[in-house]
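This report refers to the structure that appears directly beneath it.
The values are calculated or read from the model by the stated rules, or taken from the named source; none is laboratory data. Remember, it's a predicted structure, so these values are computed and weren't measured experimentally. With ideal geometry, Cβ positions are generated from the backbone for all residues, glycine too; neighbour counts draw on all protein chains shown.
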Amino acid sequence: MKVKGVVLAGGQSRRLGTDKALLCLPGCELTLLENATQVLSSLGLEVYLSVRADQVRPLEYPKIPDSYIYRSSMGGVASSLKALAAPCLFLPCDLPFMTSEILWRLLERRQTRPKGTLLTLFHSAGKGLMEPLIAIYEPESLPYLEQAMETQNFRLYQAIPEKNIVFVDYLEKEAHNFQNINTPQDLSLTMIHQAKE
């Protein structure tokens, strides 16, 4: 099955205080949401938007409403897998420095994944941090996510047995590519980093 690209854009941005998907950073012509869709499109993927049912997103990409209400990001991932019944490469909308070159490594590693792999995700080689929202989920992972949500466990990397996970390391010098925006402080740091580039 062909991998689909899904931008996770259903968050409420409570900590930031404004809809992060529609933010346009200084010096950038694209909103964060537009940037994320462009990154996935440049990989040749069919792109979808994971959204809340009550959200309006001003982009002409197919929308997948969240059918698992109040289930955090896991609900968006599960809803997309359920709707598309295909492997999905997920990318949050709030990663302004993510590149198609980095994401391509996920697709390459998936091609050589062991039998039984349900999740291919990035892992920090130095700090051991996992990035379960920048990952490829196989459709067979859906029952594990649904079971985790039933028990109120919304940690994606804990929902999938480790023996069914393939890790792709990223280097310390690439850590800024994984920097997301959740709070005003995150936004300030992002703007500082952008100004230095």
Inset, instruction - Read through the list (1) closer than 15 Å to residue 6 by Cβ; (2) free of Cβ contacts under 8 Å to residues at least 24 places away in the same chain; (3) hydrophobic (A, V, I, L, M, F, W, C), then give the number of the only condition that residue 85 fails. - result: (2)
Inset, instruction - Give segment 33-60 a look and list any residue that's of a type outside the set (Val, Ile, Thr) and touching a helix residue (DSSP H, G or I) at 6+ places or on another chain (Cβ under 6 Å), or say none. - result: 33, 42, 43, 50
Inset, instruction - Report, ordered by the first and then the second residue, all pairs with beta carbons closer than 6 Å, sequence separation of six or more or different chains, a first member in segment 142-171 that is without any contact (Cβ under 8 Å) to a residue 60 or more places away in the chain, and a second member that is part of a helix (DSSP H, G or I) and small (Gly, Ala, Ser). - result: 144/159; 160/141
Legend entry - Identity of the residue in segment 49-68, hydroxyl-bearing (Ser, Thr, Tyr) and more than 10 Å from residue 10 (Cα to Cα), that ends up surrounded by the fewest Cβ atoms within 10 Å (Cβ to Cβ): 67
Inset, instruction - Please list, ordered by first then second residue, the pairs with beta carbon atoms under 9 Å, 6 or more apart or interchain, first in segment 104-116 and within 17 Å of residue 43 (Cβ to Cβ) and without any contact (Cβ under 8 Å) to a residue 24 or more places away in the chain, second surrounded by 11 or more Cβ atoms within 10 Å (Cβ to Cβ) and not hydroxyl-bearing (Ser, Thr, Tyr). - result: 108/168
Inset, instruction - Those residues that are at pLDDT below 95 and over 16 Å from the mean Cα position of the chain (by Cα), I need them from segment 125-145; list them, please. - result: 125, 126, 127, 128
Inset, instruction - Inspect segment 72-81 for any residue being at pLDDT below 95 and surrounded by fewer than 20 Cβ atoms within 10 Å (Cβ to Cβ) and give the result as yes or no. - result: yes
Inset, instruction - Please verify whether segment 67-82 includes one or more residues that are under 13 Å from residue 142 (Cβ atoms), part of a loop (DSSP other than H, G, I, E, B) and of a type in the set (Phe, Trp, Tyr). - result: yes
